[in-house]
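The values are calculated or read from the model by the stated rules, or taken from the named source; none is laboratory data. Computed from a prediction, not measured in an experiment: that's the story for all the values here. For neighbour counting, all protein chains shown are included, and Cβ atoms are generated from backbone atoms with ideal geometry for every residue, glycine included. For accessibility, only protein heavy atoms count, side chains too; no ligands or nucleic acids. Shrake-Rupley method; radii C 1.70, N 1.55, O 1.52, S 1.80 Å.
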Amino acid sequence: MQLHGAEVVEMMKLAVWCLQSDYQRRPSMTVVVQVLEGFVSVQDNLEYNFINAPARRRIATTGDDLEAIHDGTTLFASELSGQR
């Protein structure tokens, strides 16, 4: 870790960039590859708040709202990465 500390920090910044709450601020896979190859550097203005509001779902039989945290709810690709 100490020998490759700068590279480790750069990879951690790349991971943070890929986990941005606003999907429009996330890099494309092309940019990720370019970062890994050393042609592009990671953005400096990253948001380190990864906590999102819990997803809500409605139970069909009762109509009650429940927080859908850790319940195995399937997320669609559009919810994960936003519109293309």
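Values for this structure:
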{"read-out": "Candidate set: the stretch 52-72, residues that are assigned to a loop (DSSP other than H, G, I, E, B) and surrounded by 10 or more Cβ atoms within 10 Å (Cβ to Cβ); chosen: the one modelled with the lowest pLDDT", "value": "ALA68"}
{"read-out": "Close pairs (6 angstrom Cβ cut-off, 6 or more residues apart or separate chains): more than 19 Å from PHE39 (Cα to Cα) and in a helix (DSSP H, G or I) in the stretch 1-28, modelled with pLDDT under 90 and open to solvent by less than 50 Å² (accessible area, probe 1.4 Å) anywhere", "value": "TYR23/SER81; TYR23/GLY82"}
{"read-out": "Single residue of the stretch 1-51 satisfying the filter (at pLDDT 90 or above and among the aromatic types (Phe, Trp, Tyr)) that is surrounded by the fewest Cβ atoms within 10 Å (Cβ to Cβ)", "value": "PHE39"}
